[in-house]
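Worksheet for the structure shown next.
Every read-out reported here was derived from the displayed coordinates using simple, explicitly stated rules and does not represent laboratory data. From a predicted model like this one, the values you see are computed outputs, not experimental measurements. All Cβ positions, glycine included, derive from the backbone under ideal geometry; neighbour counts span all protein chains shown.
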Amino acid sequence: MKTEFSSEREKNRYFSRMTDAQRIDAFATMLAWSEYAVFLGGAGVSTESGIPDFRSRNGLYRKAARRFSGYKPEYLLSYECLKKEPEVFFDFYRRHLDARAAQPNAAHIRLAEWEASGRLKGIVTQNIDGLHQKAGSVNVQEIHGTIWKNHCASCGAAYGVDFIFDCADAVPRCPKCGGMVRPDVTLYGEFLPKEAHSRAVKMMQAADLLIIGGTSLEVGSAANLAHQFHGKYLVIVNKGRTRMEGMADLVFHDSIGKILTEISP
């Protein structure tokens, strides 16, 4: 694979003329040569595990129960809904965000293999399902939080994933102080987790190869992180169109599990 180019135009022309097989080989070569590869992923990574995304034809917002039809989708997972109508928030949350039984798919497994072999330095994910960790990934920055941790909004006491999902009360309450127990998920209207976001920024800035997968980058938090990347190679794998494709060296409009599996660990 050619590595030196006189201009971005020459570089773009070189990669755009590749066959499908050549593009897979080029992706593998980029990964093998990189010293700090990072993966930035979104909902499309987990759809192959049976977890719906949010806005697609089969997404969560389109398939939500009729009982929620009078609410705007973003409101149901917002801090405003949690505070004003906690019964509605927890009803929606329990019905649609319980991913405890979900299992990692080929993409999660391949990324964990790459990290274990030293090829991948870490993962930045918008997903809250914890499937990267289930697959064995260690350096995972969850910029939208996780369903696997809960805490009391009053006293801060920590609770496990089952506390909210298995609670029979409409609004889960802390046994210690009676305060509302909420998930460690970043809701609409809230700031991103400070430590996870800070580590994610550092990873983006250090990366020489960024692999973006399963996201359209429509969510501002992910798009802003992607723009922190100024490394050598950018690869995008997503079934639909993704912002920044004009800046990418390789773009695959295909199953992320399929493409990553074709790259040896």
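Take every Cα pair under 8 Å whose residues are at least 6 apart in sequence, average their separation, divide by the length of the chain, and the relative contact order is 23 percent. The overall shape of region 1-158, judged from the alpha-carbon gyration tensor, is prolate: a/c is not under 1.5, and a/b is greater than b/c.
Cβ-to-Cβ counts within 10 Å put 151, 230, 144 in ascending order as 230, 151, 144, the fewest first. Cβ-to-Cβ counts within 10 Å put 259, 212 in ascending order as 259, 212, the fewest first.
Each Lys and Arg Cβ is given +1 and each Asp and Glu Cβ -1; about its Cα centre, the chain then shows a dipole of about 460 debye.
Between the Cα long axis of helix 194-206 and the first principal axis of the chain there is an angle of about 0°, rounded to the nearest 10. The C-alpha atoms of the chain define a longest principal axis, and helix 86-96 lies at about 50 degrees to it.
Dipole size of region 146-196 about its Cα centre, with +1 on Lys/Arg Cβ and -1 on Asp/Glu Cβ: approximately 160 debye, rounded to the nearest 20. Rounded to the nearest 0.05, the FRET efficiency derived from the C-beta distance between residue 253 and residue 158 at R0 = 45 Å is 0.60. In the chain, helices alone account for a calculated mean residue ellipticity at 222 nm of -9500 deg cm²/dmol, with every DSSP H run of four or more residues adding -39,500 (n - 2.57). Take every DSSP beta bridge with both residues inside the chain and express the antiparallel ones as a percent of the total, to the nearest 5. Taking every DSSP beta bridge within the chain, about 30 percent pair in antiparallel fashion. Sequence-distant contacts, meaning Cα pairs under 8 Å at least 6 residues apart, place the relative contact order of region 140-239 at 25 percent.
Relative to the longest principal axis of the Cα atoms of the chain, the long axis of helix 106-117 makes an angle of roughly 70 degrees.
Positive end of the dipole of region 196-265, charges at C-beta (+1 Lys, Arg; -1 Asp, Glu), about the Cα centre: which of 255, 207, 196 has its Cα farthest in that direction? Farthest along the dipole direction, towards plus: 196. For the peptides 243-249, 179-185, residues were scored by their other Cβ atoms within 10 Å and the scores averaged per peptide; the highest-first order is 179-185, 243-249. Here are some values of percent of Cα pairs over 26 Å apart: (i) 38; (ii) 34; (iii) 43. Which one was computed from this structure? The value computed from this structure is option (iii).
Considering only 233, 104, 154, the residue lying farthest towards the positive end of the dipole of the chain is 154, judged by Cα position with unit charges set on Cβ. Put in line by how crowded their Cβ is, counting other Cβ atoms within 10 Å and starting with the fewest, 81, 155, 174, 167 read 155, 167, 174, 81. With the largest listed first and rounded to whole Å, the semi-axes of the equivalent ellipsoid of region 178-217 from the Cα gyration tensor are 28, 14, 8. For a 24 Å ceiling on Cα separation, which of these pairs sit above it: 202/232; 2/202; 121/232; 202/239; 84/149? Over 24 Å Cα-Cα: 2/202; 202/239.
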